[in-house]
Structures are given as structure tokens and as C-alpha cells.
Amino acid sequence: MKIITIFVTCALMMLIPGCTSPVGYAVEGAGYRSSVYAGDYFLAVGTAGRIDRLYPGYAETVASPTDHNLNGVVYSGGIFVAVGDGGVILRGDRTGGFSPADSPVKTDLMSVTVFDGSFIAVGRKGVMLTSVNGVSWERIKSGVKNDILSVAANRDYCVAVTYESNVIIKKRGIDEAEIFDYNKTYDGFATLFNMRAIKSYGGEFLVFGDSVLEKGAPIVFKTPSGLADSWSQYNLEMINDTSFVGMMPINLNDFAPNDDQLLFGADSGKLVNVTSCATCNRMDVVSDNDIKTMSYDSDGQVLLAGGGFWFDIIGGDTMRHYGIGAAQAKSEQESGDAQFVDVRTVNEFAAGHIPGAINVPLSEISSGALESAIPDKSAKIIFYCVLGARSQSALDEAIALGYERVYNLGGIENDWPYELTVDS
């Protein structure tokens with residue numbers, strides 16, 4: 001990769017508020033590498049010790065006590081912990097800036113999380129550290145020698161991964177880590193992949209990387225615990241209505257939830273929206289820069305940040321995909337996870353409709369008929385009509401009414417290959 005030399009000054013940073021003393025450095029792939037939401041702003045860290053508070057439209061640079069690359073950051077209980085190359089660990093708070101912590105290693109640290117009241121940091125050569133206060137750290141046994149690239153935690157488990165598919169699992173209340181090699185365990189039974197990162201969300205973990213057999217072919221798994229018997233794969237069969245093979249490489253780096261969908265940031269500014277529908281995934285190019293880190297707040301705002309210290313804060317709804325395939329729609333209706341709503345006229349509905357669908361004509365959507373039929377605005381609704389135009393209008397009106405999980409199947413004339421039922 002090309003070595004980029006950058007001299008950072010307040011002038012070159014376009015007079016960013018809070019810009020501190022200028023520094024000069026030569027780094028590989030300069031930019032943000034990790035981020036976290038801190039209540040009313042996002043904090044991002046990156047190459048040459050860069051630490052910025054990020055707001056919509058502008059950034060504030062925070063004084064950093066290191067010029068080492070910072071690779072991971074976490075926020076908990078009013079405390080920031082950032083980790084980086086050369087074993088650097090920084091501890092900070094919302095008002096007092098950052099200061100070096102006592103690190104027991106010189107090995108590059110790659111990621112940090114909070115688990116069971118303690119900070120856990122991981123790094124190259126199997127390094128794993130723990131600290132109660134973020135100041136004093138000690139080594140703990142990881143059980144692996146490969147570089148540990150990423151770590152995440154939920155209430156009951158702390159899970160770390162290596163590129164070579166080693167999975168290190170710590171259970172709450174148990175000191176000894178459990179380890180298994182995913183690719184060896186599932187060889188011949190499932191897709192084998194090189195792991196890039198792990199992240200927790202909603203009690204589960206998402207692990208993402210690329211195929212062992214095909215470089216740049218994205219792989220995403222979810223697991224509630226990281227344990228060997230608990231992995232399930234997201235189907236990325238198609239992206240933008242075509243096989244993702246023609247769009248490779250897609251190197252996934254980070255993720256943020258988007259209601260019941262997932263957003264993945266990738267190299268070359270690619271933003272991939274993964275849905276429950278295997279053929280409905282979408283990809284947009286939103287920047288010329290690699291998207292290396294993503295964070296999100298409780299209001300649906302998503303931070304995208306990465307190469308060249310580029311960042312943007314977007315509303316997740318701007319990237320949401322509202323289409324759904326017939327097979328996925330049918331499966332979700334049969335499992336009770338979704339409700340079909342036919343927005344054609346009463347007579348059209350009676351002549352033939354999807355089994356289990358309810359009829360709310362488009363002309364009645366905004367006058368209270370939809371809210372009367374489906375009062376729960378978090379319910380998953382799949383609209384359809386004859387060709388898809390009326391169902392798209394119904395979807396738009398439902399969003400305006402506050403419905404959060406709405407989809408457009410399209411029309412039963414072209415988009416529904418299954419049987420219809422006729423009112424007797």
C-alpha cells in the first residue's frame with residue numbers, strides 16, 4: 001500500500017474547532033480506525049494518535065499524548081479507553097482529555113471492549129489484557145498465538161477472533177477461556193472464512209470477514225455466544241439484484257444496525273445494506289474513502305468514518321431498503337413475523353389475494369384504517385397491489401404515520417409466484 005505523508009495543521013484541517021498543536025507524521029493508510037458513541041457526540045481514533053469528537057458537519061480534535069496509531073476505542077461509565085500500536089493504552093473522560101495508562105506489553109493492541117465490569121483489550125501474538133479502571137492492566141491467558149484482531153461482549157460472553165478463524169470465548173464468572181477453530185470445526189459442513197471483526201448487538205454477535213476460497217467475497221455470521229454449535233450465516237446471494245461475485249472485492253470492516261436491517265461499511269466507500277431477504281441486499285458507494293469504522297446512536301444516526309479522516313453522520317432511514325422477495329415474504333408471514341396488506345380495492349381483493357392478507361385500500365391508509373387494523377407501529381408489514389405502484393404509495397404513507405418496519409413486495413401479477421385465495 002502506498003505510504004501517504006500528511007502534515008496536519010489547524011489550517012490544513014480547515015480550522016476544525018478545538019484543533020490542537022500541529023504534528024507531522026508519515027503513516028500507512030492515514031485515517032480513522034475505530035469509533036464509539038458517547039452520549040451526545042461520536043469519538044473517533046486513528047492513525048498517528050488522532051482523537052476527534054465528531055458532530056454532524058464538523059469535528060473537534062482532542063489533545064493526544066501519543067503519535068502511535070490508535071486501533072480501538074470503547075466508552076463505559078464516563079470513561080474512554082483507546083488502544084493502539086506498541087501496546088499504547090490511553091484513558092480519558094469527557095472533560096479532562098486523555099493520558100497514558102500503565103500497559104504491560106509493547107505488542108500492537110487492536111481492539112477493546114467492556115465485559116463483566118472490566119475492560120478487555122486484545123492484540124497481536126495472542127495478547128489479551130484486562131483492567132477494572134482502565135489505568136492498571138494485566139495480562140490474561142488467551143490460549144492462542146495468532147494475532148487477535150477484534151473483541152466484543154454481551155452480558156454473558158466476551159468473544160474475540162483472529163483472521164485465521166480462532167474464536168476465544170470467555171463466559172461471565174469463569175476465568176478460563178474456551179477456544180475453538182471455526183474453519184477446522186466446520187470444514188466440509190459450512191462456508192469457511194477469514195475473520196476480520198466481531199461486534200455485539202441486541203444480545204448477539206456478528207462476525208464478518210471474507211471467504212477462504214475467494215478473496216473479497218463477504219461472509220457474515222451471527223451467534224449468541226460464539227460457541228461452536230451456535231453459528232448461522234446470512235445469505236448474501238445477491239446485491240443490487242445481481243450476484244455479488246461481480247461486485248467483488250467487498251471487504252467488510254464494520255457494522256451498524258438499521259432497525260431490522262444491517263449496514264456494513266467496506267473499503268472503497270461501499271455501504272452494504274443486508275436484509276432478511278437473500279436477494280434484496282443493496283450496496284451504494286457513498287465515499288471515495290474506505291469506511292473503516294461505524295457507530296450509531298439511539299435515534300438512528302449512523303457514523304461512517306475512515307480513510308483520509310473522512311466522516312459522515314447519516315440517518316439510517318436514508319439507507320434502508322424497502323423491497324422484499326416473494327420467498328422471504330412468504331416465509332416471514334408463515335412464521336408469524338410479518339403481515340401482508342393488500343392495498344387494492346375491496347372488489348380486487350375478493351377476486352384473488354395472498355392467503356392470510358388483510359385488505360386496506362390505498363385510499364383508506366391515511367384515514368385511520370391501517371392504524372385500526374395494525375395498531376402496533378413496530379409490526380412488520382408487507383404491502384402489495386397489482387404491479388407495485390399503489391403498494392409503494394401505501395409504504396410511503398405508512399412511514400409518515402410512524403410505522404417502522406414496512407416493505408413493498410410489489411405486485412401479485414409479476415412478483416408473487418405462489419397461489420392466491422378467492423373469497424367465496
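For the chain, the longest principal axis of the Cα atoms and the long axis of helix 389-400 meet at an angle of about 50 degrees. How would the stretch 306-359 be classified by its alpha-carbon gyration tensor: rounded, prolate or oblate, with rounded meaning a/c under 1.5 and the a/b versus b/c comparison settling the rest? Because a/c hits 1.5 or more and a/b exceeds b/c, the stretch 306-359 counts as prolate. Taking each DSSP H run with n ≥ 4 as -39500 (n - 2.57) and averaging over every residue of the chain yields -2000 deg cm²/dmol at 222 nm. In terms of accessible area, using a 1.4 Å probe and ignoring ligands and nucleic acids, ASP317, ASP229, ASP396 rank largest first as ASP229, ASP317, ASP396.
Pairs exceeding a 32 Å alpha-carbon distance, out of LYS106/LYS170; LYS170/LYS215; LYS106/LYS270: LYS106/LYS270. Counting charges near ASP181 (Lys, Arg +1; Asp, Glu -1) among other residues having Cβ under 10 Å from its Cβ returns a value of -1.
Take SER35: with every protein chain present and a 1.4 Å probe, its accessible area is about 10 Å². Here the chain exposes an accessible surface that is 50 percent carbon and sulfur, computed with a 1.4 Å probe and the other protein chains kept in place. Between the residues ALA190, TYR407, GLY134, the greatest Cα displacement towards the positive end of the dipole of the chain, with unit charges on the Cβ of Lys, Arg, Asp and Glu, is found for GLY134. Histogrammed with a bin width of 10 Å, the alpha carbon distances of the stretch 209-339 distribute as 12, 40, 37, 11, 1 percent, first bin at zero.
The 3J(HN,Hα) values that the Karplus relation (6.51, -1.76, 1.60; θ = phi - 60°) gives for the stretch 268-282 are, in residue order, 6, x, 7, 10, 10, 9, 9, 10, 6, 9, 4, 9, 10, 5, 10 Hz. Gly and Pro appear as x. Each Lys or Arg adds one and each Asp or Glu subtracts one; over the other residues with Cβ under 11 Å from the Cβ of PHE80, this totals +2.
Assuming a ≥ b ≥ c are the square roots of the Cα gyration tensor eigenvalues, decide whether the stretch 244-319 counts as rounded (a/c under 1.5), prolate (otherwise, with a/b larger than b/c) or oblate. The shape class here is oblate. Provide, for q = 0.18, 0.19 Å⁻¹, the log10 of I(q)/I(0) from a solvent-free Debye sum over equal Cα point scatterers in the stretch 364-413. Once normalised to I(0) and log-transformed, intensities are -0.49, -0.55. Spin-label model, LEU227/ASP93: points 7 Å from Cα along the beta carbon direction are separated by 4.0 nm. Specify whether the C-alpha gyration tensor of the stretch 123-182 places it in the rounded, prolate or oblate class, a ≥ b ≥ c being the square roots of the eigenvalues: rounded for a/c under 1.5, otherwise prolate if a/b is larger than b/c and oblate if not. Judged from the Cα gyration tensor, the stretch 123-182 comes out oblate (a/c at least 1.5, b/c at or above a/b). At 1.4 Å probe size, with no ligands or nucleic acids counted, give the accessible surface of LEU262 in Å², nearest ten. Surface open to solvent at LEU262 totals about 10 Å². Proximity of backbone amide H atoms, modeled 1.01 Å from N, is registered between ASN281 and MET238, ASN240, THR275 at under 5 Å, excluding neighbours fewer than 5 places apart on the same chain. Candidates [x] 133; [y] 161; [z] 123; which is the computed volume of the Cα convex hull per residue in Å³? Among [x] 133; [y] 161; [z] 123, the one derived from this structure is [y].
Of the residues TYR32, TYR296, the one with the largest accessible area comes first in the ranking TYR296, TYR32, computed with a 1.4 Å probe on protein heavy atoms. Remark on the stretch 25-89: Rg and Dmax equal 11.3, 35 Å (Cα only). Taking 7 Å steps out from each Cα toward its Cβ at LYS215 and LYS184 produces label points 2.5 nm apart. Distance between the modelled labels on ALA63 and ASP260, one decimal in nanometres: 5.0 nm (7 Å Cα→Cβ projection). Ranking MET294, MET238 by solvent-accessible area of protein heavy atoms (1.4 Å probe, all protein chains present), from largest to smallest, gives MET238, MET294.
In the context of the full set of protein chains, the chain has a per residue accessible area of 43 Å² (1.4 Å probe). Given their separation in residues at 0.36 nm each and the Cα-Cα distance between them, GLU204 and GLU334 gain 44.4 nm when the chain is fully extended. Distance from the C-alpha centroid of the stretch 352-403 to that of the stretch 55-79: 45 Å, rounded to the whole angstrom.
The values are calculated or read from the model by the stated rules, or taken from the named source; none is laboratory data. Just so it is clear, the model here is predicted, and its values are computed rather than measured. In this analysis, Cβ positions are derived from the backbone assuming ideal geometry, glycine residues included, and neighbour counts consider all displayed protein chains. Surface areas here come from the heavy atoms of the whole protein model, side chains and all, with no ligands, DNA or RNA. Shrake-Rupley method; radii C 1.70, N 1.55, O 1.52, S 1.80 Å.
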